[in-house]
Structures are given as C-alpha cells and as structure tokens.
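A.B. asks: Mind looking over this structure? Questions follow.
The values are calculated or read from the model by the stated rules, or taken from the named source; none is laboratory data. These figures come from a predicted structure and were not determined experimentally. Using ideal geometry, Cβ is built from the backbone for each residue, glycine included, and neighbour counts are taken over all protein chains shown. Note: areas computed on protein heavy atoms with side chains; ligands, DNA, RNA excluded. Shrake-Rupley method; radii C 1.70, N 1.55, O 1.52, S 1.80 Å.
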Amino acid sequence: MPQCNWVLIVPALTSLGKGRQTYGSPPMLKALYAKESFVTLEATCCCKQISITLSGKPEMNSVCNCTNCKQRTGSAFGISTYFKTDAVLKKSGETKIYKLWHKEQDHEQNRYFCTQCGTTLYWTISTMPNLIGVAGGCFSASEILEPTHTLNNSNKCKWISFPSNWQVQE
C-alpha cells in the first residue's frame, strides 16, 4: 500500500502579545482545526505527481470494510475521508478515471488515480453527489485523523476490532 502522510497548512504565524499563544503552539493549532477555519489539508499520491487540496473539516472519516475498498487498498479495509465538493481548493497532476458499479452498495464510483504510481487518491459516488472521498492514508501530516465510523462492518475481518465509541454501519 502506498505510504503517504498528512500536511496541515495554517496561516502565517504572528505574536499575540506578552504571555499569549501564537498560532504555532499546539493548543492554538488544535483550536484552529476545531473551528474549521484556516485549515487546509493536502493529499498526494505515493510519487507526489498528483494532489488534492481541501479546506475545512471532513464531513465523515470512516473505515470501510467492503470488498471493494479492500481491493482498492490491498489491505483489510480502506480509510475514506469525505468532504463537501465545494471544499476542494485545487486538484493538480494527471489522473485517470476508473469507473465501476459498486455491487454491495448499489452505486457508481469514479476513482481518480495517478498515471505514474497508480495510487487512488480521490473518488466520487453517485449516491453522494455533494461529497468527494479522499484516501485517508494519503494526507501528508504526521498522523491520520481518527475515523469516527466503521462501514460495512458485517464484512470486516474477524481479527479486527474498532473502538467502541465509533458509529457502526453493518
């Protein structure tokens, strides 16, 4: 599976005065993300030839256990991070589209992947026209945001367990 990272871009750092925090301190970065303002996330393919830049907080961040996501990632599940389509600030690089009919979920998908390394970076789904999915492992910061959902849980590998506070869809 391609190794990719998260990147968090924040506005220029400025001093807030004596004894006050700047944007560069961890509590302020956390507060900025919580407010959904000034946050820009970039996801890239493995070879860095394509990227997608988004603003704001994801609408949903989930682990999907369907056969399709397992095959897409070559892993036991896929991490799917969904944003509103108007959160897309920029797409760059040459992609190809793999179109498929998802039998388990009864919808059409358009998957956009890198022509050089083959990484599926983002996709659209016919039943969620206002959202764009991004491969969660392709964001370029030190840590992937923790998912809040597990989808198609009835199809998960028996050896996998997820946190009890996550929402579950069988």
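A.B. asks: Out of all the residues in the stretch 103-145, which are polar (S, T, N, Q) and either closer than 18 Å to SER62 by Cβ or part of a loop (DSSP other than H, G, I, E, B) (or both)?
C.D. replies: GLN105, GLN109, THR115, GLN116, THR119, THR120, THR124, SER126, THR127, ASN130, SER140, SER142
A.B. asks: When the residues of the stretch 37-79 are narrowed to those that are touching a residue at least 60 places away in the same chain (Cβ under 8 Å) and β-branched (Val, Ile, Thr), which ends up farthest from GLY93 (Cα to Cα)?
C.D. replies: THR67
A.B. asks: Output the residues belonging to the stretch 122-147 that are modelled with pLDDT of 90 or more, within 15 Å of the chain's Cα centre (by Cα) and either under 24 Å from ASP106 (Cα atoms) or open to solvent by 90 Å² or more (accessible area, probe 1.4 Å) (or both).
C.D. replies: TYR122, TRP123, THR124, ILE125, LEU131, ILE132, GLY133, VAL134, ALA135, GLY136, PRO147
A.B. asks: Any chance the stretch 25-34 includes a residue that's open to solvent by 30 Å² or more (accessible area, probe 1.4 Å), of a type in the set (Ser, Thr, Tyr) and either at pLDDT 85 or above or closer than 30 Å to ASN152 by Cα (or both)?
C.D. replies: Yes: the stretch 25-34 contains one or more residues that are open to solvent by 30 Å² or more (accessible area, probe 1.4 Å), of a type in the set (Ser, Thr, Tyr) and either at pLDDT 85 or above or closer than 30 Å to ASN152 by Cα (or both).
A.B. asks: Give me the residue from the stretch 62-102 that is assigned to a helix (DSSP H, G or I), at pLDDT 95 or above and touching a strand residue (DSSP E or B) at 6+ places or on another chain (Cβ under 6 Å) and, out of that set, surrounded by the fewest Cβ atoms within 10 Å (Cβ to Cβ).
C.D. replies: Step by step, filter the stretch 62-102, then rank; the result is THR85.
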